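J.: Just dropping this structure here.
Coordinate-derived values only; no laboratory data. None of these values were measured; they are calculated from a predicted model. Here the Cβ is made from the backbone with ideal geometry for all residues, glycine too, and neighbour counts use every protein chain on show.
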Amino acid sequence: MSELIGTWIAALLTLMVFSYLLGDNPLYRLAEHLFIGTAIGYAVLLAYYSVLRPKLFLPLLQSPAANWTLAVPLLLSLLLLGRLNLKWHRAGIIPLAFLLGVGAALAIGGALFGSLLPQTVATIQSINPAEGGWGVALSNLVLIVGTLSALFYFYFTGDGGKGLGRIPAGFMKVWRGLGKWFIMVTFGAIFASTVMARLSLLIGRLQFLIYELPKSLLK
Amino acid sequence: MDSLIDLLRNSGTSEQQALMLVLLLVTLPLLALFTMQQRAGKPVALRPIQAFHRVREFIGRGAETGRPIHVSLGTGGIADASTAESLAGVTFMGHIAGQSIASGAPLIVTVSDPTLLPLAQETALHAWESRQYGCDAAEPEVRLVAPEPVAYAAGVMDTLLGEHVAANVMVGKFGHEYLLMGETGIRTRTPQIAGGIDPQTLAFIQATADEVLIGEEIFASGAYLNPKPTHIASLRVQDWLRVLVTVVILVGVILRSV
Amino acid sequence: MIYCPNCGTANKDGSGFCNQCGHKLGSGSKTVCPSCGAPNPIENVFCDSCGAKLAPLVTKGAEEKPGVKGLSLPTKPLDEEVPEETPEGASEDVPDWLHRLRYVTGADQEPLATEKPAPELDAPMPPQDLGGEGEAEIPDWLRQLRAAAPPTEEAQVEPPAQEQPEGEPSKEEPAEAEVPEWMRQIGAEVQQAVAAAEAAEVKSDSEPVTEETPSISPLAETPAEPEEKAIAEEAPLQEPLPQEVLPVAVAAVALPEEPPPGETPAPAEAREAILPPAVPEEVGPPEEQEEAPPVPPASEEALAAWLQEEGPVILEAGEEAAEGETIVFAPEEYPAVALPQAEIPAWLESLAPGGGMRPDALGPAFAGKLTPEEAGLERAQIPAWLELLRPGRAKEGEIPVEETAEESGILEGVRGALRLVEAIDPSPETQARAVSESAAVTPERAELLTRLLGESTSSLVKPKPIPTQAVRERGLPWLTALLLVAAVVLPFFLPGLVPGGNTVPASTPAEALASSVQSLQPGDTVLVSFDYDPGVSTELDWPARIVLDDLKQKGVNILLMGTTPTGPGLAARFDWTGAQMVNLGYLPGQEMGLQQLTAGITGAALAGFGGAVPDAPFGVRSLSDVKLILTVASSQETIRWWVEQVGTQVQTPIAAIVSAAIEPAVRPYYASDQLAGLVSGWVGGQAYQRGSGSSSTENKDVIALEAQSLAHLVIAGLIVLGNIAYWGKRLIGRQS
Amino acid sequence: MKGKFGRSLVTAITISTGILVLVNFFVRNDFLRQVQKTLLDWAIILAAVALILGIFNILASHARKIQNKKSGWPYSLFLLAAMGTVIVLGLADPRGPASPSVSWIFEYVQVPLQATIFALLAFFVASAAYRAFRVRSVDSFIMLIVGLIVLLGQVPIGQAIWGRIADAKDWILSYPSTGGARGIILGAALGAVLVGLRVLLGIDRPHVE
């Protein structure tokens, strides 16, 4: 029963959202806010049930001695919440500084080992026809040229008349232009395959209306 | 040097880790050197980036119409790998806040990640506290819309639709939810500046924003809007690292091919 | 730094009254309307009497405000870390030099000029007054200018004679008398060789003072340093100093002299602008006045140095100036900077030491400003460089009358109205325009905008957007929606209509995953992470189900988790009957969480979903006990996290089921073998099925794929249509 | 944190934390790893607390909207109501998000709503495509061609039009497209490294400005 009701509510909400196609209207706005509300609520629950309770409260309540280190995050949390109070507002910066430190480190580590290293290594491909034939060799060449030229498209300094260091301006111009082309190719490809994904979503929703709804009645 | 290598080996550092470490360590002196050169006033030409140039136009528009300017800092936080993007967004926002406050244009800043909220508030507050004497601008409003990307996008759509936004600036980390906001901006005919580093999002930023910040360009906001020697220096370091990477790749390819 | 509008003394920020003369600070100051001269409260943006735009040059602390600055000016107050001396030294020397310029010009036009020394009094001010005030520099002289502005009228009316008594003691007489002729005498012999030499020398002796900022700070320092020396010890030193500064001095002197004696009004009003009315009252301590004469050389030489060393830097303002920041923007964007053809006046050329200065940077601005016929030197003095930093504002030389019409909404057609940003951050042209405009134009403009500003935003019509490329077109929402819905719904009613059916193109990455799943043995454990959100569930549920069914058939143990908050919830919606499954729940902290996961599953932040996590589920303690990691993700970020945080730490292969939207972005990770397999979207799911032998016969799936095909056709059609429309428009446009 | 001391303290915290976390990327040391894990744990807790803090921000802004009867204030009312309901239901049941009531709301309200709002993207993408693939220059022409190939290469009907289109699509995705994407990724990585370094070196201190 609850499933039947649920399905029909879901269908109703689905239609309310689709009503946006007729232009911005109260039904849509209503659905939208309903969604935002539930989403926030759900996130709060998760923050409590999968972080605060198991990682902070329970340990501190059950065995404070063993988890004395948690006093630090507790303190930091209080400082953070102190932001609610004008007097303590500034103190809220300490936990902020802590988070920022962690974040900066993760950003560096991630960029170095997650992007820079593997992507560089992966770009080092053989362009020797003897190995995989001309097709592969040329394709790899395209890949390499694409990567490097796109990388140079973002050149910041040394532009505007002067080349970078020894690199002549003319070469930079051509090279960066090439990079732009490759970037456009990427954009085109991404755009197109996104079209695919989004259409799947639409089809899926319509399928829900056309298939699931009647099915729920048959049950 | 050898002793260093041994040390690394003993600490279980792989060649790749060592390589990256070296790269990191090379970066520091470079940064220091270039910073010194910049302090000494070394002239540096920066590639023009329209978005940074035109943002004032957008703010002016806000001031003229009395409508709020909306700055979206994306769905990134400051305690994860998206920190860099988020910081870029905050830097940009700080500049916009300063100018919009001075020009009396209301400012709405929206964030999605709760960790970013306090930082954004601090930045906006700073701009507000150092406002011009007797300026009648409203204090910038920093909102946490929703911690969940799609919900956040929906919230921003609501802002764009409901609050007559004069200009929409979106810089930070954006995922597939970007298009919801970007296209709404188009439909409400709101001028937009947008930037991100995720190629997947960039395709749509390209398609929906008037001025685009592609990839690393968002990190340059400091150097373009509030140039300090360190900012310029880090751009130059970035460019030289670029060359380094290129050389590594080329050498690698040659070795691999022959 | 707040400057007393009354005596010009610098007071600490936030101080309510001047600690020199006790005059009320901040609120006391007034903004003088550039067009009608009426004093306005500083908070005004438009003149109360005539409504002209007010350029709030120096309302309290204006220059420290990020908002009031152009793109190139700093938006942050000076950082405490920056050594005090440097900023202040640097900051003081420019204004100083500017004072001099004004001093000089004033000097050979009327005795009043002698009062000019006043501004300088704050040059040798003790550090603590300026403590860490990076932007003292620009504010500084602007302040003077500002302080000067209001009582302009009296300034004119009062004959110099009156001022003598109150103002400068007889001491001043010689100074005033000699200055012009001193200038002249320098003007006679121009050798910048000396200049270079002296500059170098000065540099060297002030070296120790500041280490942080190598080559610039010395110059920054000099104004204060040598001055003291000059006064204190050898008078002789005053001799060389003038010479070394010559070029500039000449330049400075030259400016006013070029125009014919019967001068154009412009310089006149300009001059008023700079005369500090307050000067009379301001009787500095005697010794300060003594300093006056020697100061010029010192600061001149500072200018010379400035030209050599960091040109725009100082112009860069505040912090930057202190740190010697220099930026030249590339031509195409900033015409102001790059006017190669703009030729540099000879004297400037002669100035140029070993290439330190960039003509293209200084040339146009100076060359332009130096022409007497435009509204006067004053604007010329600083604006010349301010211009450099003002993107796209300065046309070489002439005052641009670019009164752009509003192309937006209600303001449509109103010319030059309400350029608020400019009002707040005025370029010299703006002021010049304000001055040159007849007050007649401004009134109705002004009341128009006051009316507009008064109106509530809601009552305003939505203005047309800033014109840009076709990005602004809204496309054809209606047609689009209609066609799309039709295309998607049609196959439901006419199945088999679309050629191709569900014969999906092969996909190597998908088959790669299929084969790695095939290689799993019963009893192996697979970690499936649901990293998408409900938004894309309609796309990802299907391929995920296909793979999961496959896993269930293989009889492998399945660990569920999610790095998106909603992930585990989505996973729970699947049918798990008869499967060996444990839902570990939401892993908070994105990559931070994943980092921890590499350290051990039980240790990680996983709190389970509707029940605690068993210790070592399926005997799995760390990720290396898992045979395959499968992430179902809708964002490239997520894949990156897995690859960056987990892939770099653990050997277990990682495969991904992703939304087709991110396939191109994720491809690199598959291409670089960071992903063992990749299934993208519905089609990927089908390809996987083909790879794993089974194949979907469900009518629903076939129809879905047909709808997909049709919709793709429609969109391809729309793209073509868009181009036809675009080119059609253009061709028609060309004919008419 | 006003004053020099405050600032340097804050900066010190940032730097030390950052280095302790970062070092683990380069050396394998159990103690350091433990330290890092602890720090990350704390960060996760703080992030959760930040959300609680954020809730107050949300409450405040919507309360203000309702109070001032700003346009559309009733929606804010709905939003808060929905939020409150979910939270209360969830806290009432020890299973939290897994509790029947919450999962019901999740399954029948949140998922369909979110999925449908996202489905709107189909239309957005379509109208964006109508604009974005304009042939204005060589660049946009390239983009158009690639777009059409990938667009049709993904679906069966593309096969019907041109047999090799899938291969063409795959080639584009694996070589030129990958190349472009790599250029962007590499560049962004370099940028991120420098931004991170600036923070860790205490050069950029957004939080104390």
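J.: Taking Cα pairs under 8 Å and at least six residues apart, what relative contact order does chain B come out at, in percent?
T.: 21
J.: Please average, across the residues of B:85-95, the number of beta carbons from any other chain that are within 10 Å of each residue's own beta carbon, and give a whole number.
T.: 4
J.: Need one word for the range A:91-219: rounded, prolate or oblate. Basis is the Cα gyration tensor (sqrt eigenvalues a ≥ b ≥ c); a/c below 1.5 gives rounded, then a/b vs b/c decides.
T.: oblate
J.: For chain A, find the longest principal axis of its Cα atoms and tell me its angle to the long axis of helix A:169-207, 0 to 90°, nearest 10.
T.: The helix A:169-207 is inclined about 30 degrees to chain A.
J.: Take each of the peptides C:700-708, B:114-122, B:85-93, A:48-56, average the number of other beta-carbon atoms within 10 Å over its residues, and list them starting from the highest.
T.: B:85-93, B:114-122, C:700-708, A:48-56
J.: Would you work out the relative contact order for the range D:134-202, in percent, from Cα pairs under 8 angstrom that are 6 or more residues apart?
T.: After rounding, I find 18 percent.
J.: Obtain the nm distance between the two label points defined at D:Ser71 and B:Arg189 by a simple spin-label model: each point lies 7 Å from its Cα along the Cα-to-C-beta direction.
T.: 1.4
J.: Apply the membrane-span-like helix rule to chain B: whole DSSP H runs, Cα extent along the own long axis of at least 30 Å, mean Kyte-Doolittle hydropathy at least -0.5. List the helices found.
T.: Both cut-offs are met by B:15-39, B:229-257.
J.: Over the whole of C:678-684, what's the average partner chain Cβ count within 10 Å per residue? Rounded to a whole number, please.
T.: 4
J.: Kyte-Doolittle cut-off -0.5, length cut-off 24 Å along the helix's own axis using Cα: show which whole DSSP H helices in chain D pass.
T.: Long hydrophobic helices here: D:3-22, D:30-67, D:73-92, D:111-132, D:176-200.
J.: Taking a 29 Å limit on the Cα-Cα distance, which of the listed pairs B:Lys173/D:Lys4; A:Lys87/D:Lys4; C:Lys627/D:Lys169 fall beyond it?
T.: B:Lys173/D:Lys4; C:Lys627/D:Lys169
J.: Can you give me the distance in nm between label points at A:Ile9 and C:Thr508, each placed 7 Å from the Cα along the Cα-to-Cβ direction?
T.: So the two model labels end up 4.9 nm from each other.
J.: Report the charge-dipole magnitude of the range D:80-197 in Debye, nearest 20, computed about the Cα centre from +1 at each Lys and Arg Cβ and -1 at each Asp and Glu Cβ.
T.: 360
J.: A follow-up question, please. Among A:Ala97, A:Leu79, A:Leu151, whose Cα projects farthest towards the positive end of the dipole of the range A:1-151, with charges put on the beta-carbon of Lys, Arg (+1) and Asp, Glu (-1)?
T.: The one lying farthest along the dipole's positive direction is A:Leu79.
J.: Here's a follow-up. Would you be so kind as to identify which of C:Ala704, C:Gly693, C:Leu718 lies farthest towards the positive end of the dipole of the range C:622-736, taking Lys and Arg as +1 and Asp and Glu as -1 on Cβ and the Cα centre as origin?
T.: C:Leu718
J.: Using a Förster distance of 56 angstrom, determine the FRET efficiency expected from the C-beta separation of A:Ala130 and A:Lys215, and round it to 0.05.
T.: For A:Ala130 and A:Lys215, the calculated efficiency is 0.40.
J.: Could you compute the FRET efficiency for A:Asp24 and C:Ala616, with r as their C-beta to C-beta distance and R0 at 51 Å, rounded to 0.05?
T.: 0.45
J.: Need the full-extension length gain, D:Asp167 to D:Phe31, defined as separation in residues times 0.36 nm minus the C-alpha distance. One decimal, nm.
T.: Full extension from D:Asp167 to D:Phe31 adds 43.9 nm.
J.: While we're here: For the pair C:Lys729 and C:Asp625, what calculated FRET efficiency results from E = 1/(1 + (r/R0)^6), where r is the Cβ-Cβ distance and R0 = 60 Å, to the nearest 0.05?
T.: Once rounded, the FRET efficiency stands at 0.40.
J.: Calculate the dipole size of the range B:50-225 relative to its Cα centre from +1 charges on Lys and Arg beta carbons and -1 charges on Asp and Glu beta carbons; express the result in debye to the nearest 20.
T.: Roughly 380 debye, rounded to the nearest 20.
J.: So, one more: Relative to the first principal axis of the alpha-carbon coordinates of chain A, what is the inclination of helix A:26-47, with its axis defined by its Cα atoms, in degrees from 0 to 90 and to the nearest 10?
T.: Its long axis makes an angle of about 90 degrees.
J.: If packing is taken as the average number of other Cβ atoms within 10 Å across a peptide's residues, how do B:194-200, D:145-151 rank, most packed first?
T.: Highest mean packing first, the order is B:194-200, D:145-151.
J.: Compute the helix-to-body angle for A:71-81: its Cα long axis versus the longest principal axis of chain A, expressed 0 to 90° and rounded to tens.
T.: 90
J.: Still on this structure, please answer the following. Averaged across D:88-100, how many Cβ atoms of other chains sit within 10 Å of each residue's Cβ atom?
T.: Mean shielding count: 5.
J.: What does the C-alpha gyration tensor say about the overall shape of the range B:50-225? Classify as rounded when a/c is under 1.5, otherwise prolate if a/b is larger than b/c, or oblate.
T.: It comes out rounded by the Cα gyration axes.
J.: Pull out a ≥ b ≥ c, the square roots of the eigenvalues of the alpha-carbon gyration tensor of chain A, then state rounded if a/c is under 1.5, prolate if not and a/b is larger than b/c, and oblate in the remaining case.
T.: The shape class here is oblate.
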